[in-house]
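The next block holds one structure in the form of structure tokens; read it before the comments.
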Amino acid sequence: MKLWGGRFQKSADKLTDDFNSSIHFDQRLYKQDILGSLAHVKMLAVQQIIPLEDSLLIQKSLKEILSDIEDGKVEFDVAAEDIHMNIEQILISRIGEVGKKLHTGRSRNDQVALDIRMYLKEEIYNIKNHITNLQKALLNTAKEHTRTIMPGYTHLQKAQPISFAHHLTAYVEMFKRDKERLEDAYKRINALPLGSGALAGTTYPLDREFVAKELDFAEISLNSLDAVSDRDFCIELLSALSIIMMHLSRFSEEIIIWCSHEFQFVELDDAFSTGSSIMPQKKNPDIAELVRGKTGRVYGSLMALLTTMKSLPLAYNKDMQEDKEPVFDAIDTVKMCLPVFTDMIRTLKINKAKMYQGAKGGFTNATDLADYLTKKGIAFRDSHEIVGKIVFSCIQRGIGLEDMTLEEYKTLSPLIEEDVFKAISLEECVNKRNIIGGPAEETVKKAIEINEKLLYTNH
Ligand code: ARG
């Protein structure tokens, strides 16, 4: 007999039970479900809605059920549909009539909304920690490479020299924003929906403030219809997770390019790469590729839930049961990708010589030559033109700007002097850019210090 079976003449069809049931994926909410019920039933007694001894018996039994689930002693029943009714059914089977009082003044609609919110609060905390670990690994590697010069790119064409530390710390900034987005989503998740009932609240004098305090919620939802039909917070979280994956994916793409034979800027540790079943020489960046690939499934989860929600009338609709799998899958995926990516970064071997060589070719110092001329009094647009011509002639001669002689420079502009060579050296190109946010060694060191302070004090 179903917990809701009173109105029915027949029991559900087996196929219908399987189809309707969510227990195989929502069982992971068992802890939140029980903690939510504990707070609810405690409050029911405080408010004298049920007798204290009933509340205490229910609480005792719920705690036992919790530890039995944790010990693997509980088997869930597909016919009981979801985690909420499974636990209630187990409770009733253990303590009988008294167990039937737990659901007073509550609906599965506000119950499930509560459970997901509690679950997400915990997972946001976990994911933020994973990001912090990644940021720490990036900063540690960056500290060793504030003088490691590499080419910076636009359009994947060599542009201007930067340092490897500058490149790494770009990602530290991205992940900092990612954590802020998680914290922002957290604020809206942190509102208690319990007390909204099925859709229209309840006639029982529930003390929602009490429950919010018990369960550590900062706010209480103000509209029962909204509280049971809102899944914005899941979508917001999926969006934040998608952006995290987008950042990991861009980084993965760079690592994949950098460890190609054409680049050889980095080498992956053997533990973070794989071989080929046919080509004996291969060492493939599978981990980075998989992180890049898994980005697609997290985006898919975001799209899935946006689409599920797009035409649902208020308030709860069963369609919303489809929220959990994408949310769980996205969380699992991000939680799997972040630590493996972090370890991959920690063990990455950096080929400084190749990076330097890469920064040397491709006229990455051309802007600095133009700036040199401009500082000698030529308008920048004219300097740009002059240097463009010099680059063209160097390309034809197969040399770099630094290979021209002073005499040759002088024929192009009498303003050019011996100091030009220093001005267009890669070290100078990087370290002259000491503007806040720039790649100069001192600037990047300062940025690293600021970020370390943030990481080691706030989190
Ligand atoms: N398993 C359901 C879900 O995940 C719980 C809420 C069911 N409510 C209902 N009225 N059928 O959404």
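Of the residues 127, 116, only one is closer than 18 Å to residue 185 by Cα and either open to solvent by 10 Å² or more (accessible area, probe 1.4 Å) or away from the ligand (no atom under 16 Å from the Cβ) (or both); which? Give the derivation first.
On the way: 116 fails: either open to solvent by 10 Å² or more (accessible area, probe 1.4 Å) or away from the ligand (no atom under 16 Å from the Cβ) (or both).
Exactly one residue qualifies, and that residue is 127.
Kindly evaluate residue 307 against the criterion of being modelled with pLDDT of 95 or more, hydroxyl-bearing (Ser, Thr, Tyr), outside any loop (DSSP other than H, G, I, E, B) and open to solvent by 80 Å² or more (accessible area, probe 1.4 Å). Yes: the conditions hold for residue 307. For the structure I just gave you, tell me whether residue 84 is assigned to a loop (DSSP other than H, G, I, E, B), out of contact with any strand residue (DSSP E or B) (no Cβ under 7 Å at 6 or more places or on another chain) and within 16 Å of the ligand (Cβ to nearest atom). Considered against the rule, which asks whether it is assigned to a loop (DSSP other than H, G, I, E, B), out of contact with any strand residue (DSSP E or B) (no Cβ under 7 Å at 6 or more places or on another chain) and within 16 Å of the ligand (Cβ to nearest atom), residue 84 comes out as no.
The one condition from (1) touching a residue at least 12 places away in the same chain (Cβ under 8 Å); (2) open to solvent by 50 Å² or more (accessible area, probe 1.4 Å) that residue 93 does not meet is (1).
Which members of the range 310-338 meet the condition of being open to solvent by 50 Å² or more (accessible area, probe 1.4 Å) and within 16 Å of the ligand (Cβ to nearest atom)?
Step one: of the range 310-338, the residues open to solvent by 50 Å² or more (accessible area, probe 1.4 Å) are 310-311, 313-314, 316, 318-319, 322, 325, 332, 335-336.
Selection gives 313, 314, 316, 318, 319, 322, 325.
Looking only at the range 144-175, residues that are crowded, with 16+ Cβ neighbours inside 10 Å and of a type in the set (D, E, K, R) come to 1 in all. Number of residues in the range 410-453 that are without any contact (Cβ under 8 Å) to a residue 12 or more places away in the chain, outside any loop (DSSP other than H, G, I, E, B) and surrounded by 15 or more Cβ atoms within 10 Å (Cβ to Cβ): the value is 2.
For every residue, the table says whether it meets (1) out of contact with any strand residue (DSSP E or B) (no Cβ under 7 Å at 6 or more places or on another chain); (2) open to solvent by less than 20 Å² (accessible area, probe 1.4 Å); (3) free of Cβ contacts under 8 Å to residues at least 24 places away in the same chain.
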position: 189; (1), (2), (3): yes, yes, no
position: 199; (1), (2), (3): yes, no, no
position: 219; (1), (2), (3): no, no, no
position: 222; (1), (2), (3): yes, no, yes
position: 227; (1), (2), (3): yes, yes, no
position: 245; (1), (2), (3): yes, yes, no
position: 272; (1), (2), (3): yes, no, no
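Out of all the residues in the range 321-331, is one or more more than 29 Å from residue 243 (Cα to Cα) and modelled with pLDDT of 95 or more?
The first filter runs over the range 321-331 and keeps only residues more than 29 Å from residue 243 (Cα to Cα), leaving none.
Scanning the range 321-331 turns up no residue that is more than 29 Å from residue 243 (Cα to Cα) and modelled with pLDDT of 95 or more.
Suppose we keep only residues that are in a helix (DSSP H, G or I) and in contact (Cβ under 8 Å) with a residue 40 or more places away in the chain within the range 69-81. Which one would you say is nearest to the ligand (Cβ to nearest atom)? Among them, the one singled out is 80. Considering only residues that are assigned to a loop (DSSP other than H, G, I, E, B) and β-branched (Val, Ile, Thr), which ones fall in the range 87-111? The answer is 104, and nothing else. Taken over the range 336-391, the criterion of being in a loop (DSSP other than H, G, I, E, B) and within 40 Å of the chain's Cα centre (by Cα) is satisfied by 347, 348, 351, 361, 362, 363, 364, 365. From the list 66, 38, 15, 44, the one residue that fits, being among the hydrophobic types (A, V, I, L, M, F, W, C), open to solvent by 70 Å² or more (accessible area, probe 1.4 Å) and away from the ligand (no atom under 16 Å from the Cβ), is 15.
The values are calculated or read from the model by the stated rules, or taken from the named source; none is laboratory data. This is a predicted model, so every value here is computed, not measured. With ideal geometry, Cβ positions are generated from the backbone for all residues, glycine too; neighbour counts draw on all protein chains shown. Surface areas here come from the heavy atoms of the whole protein model, side chains and all, with no ligands, DNA or RNA. Shrake-Rupley method; radii C 1.70, N 1.55, O 1.52, S 1.80 Å.
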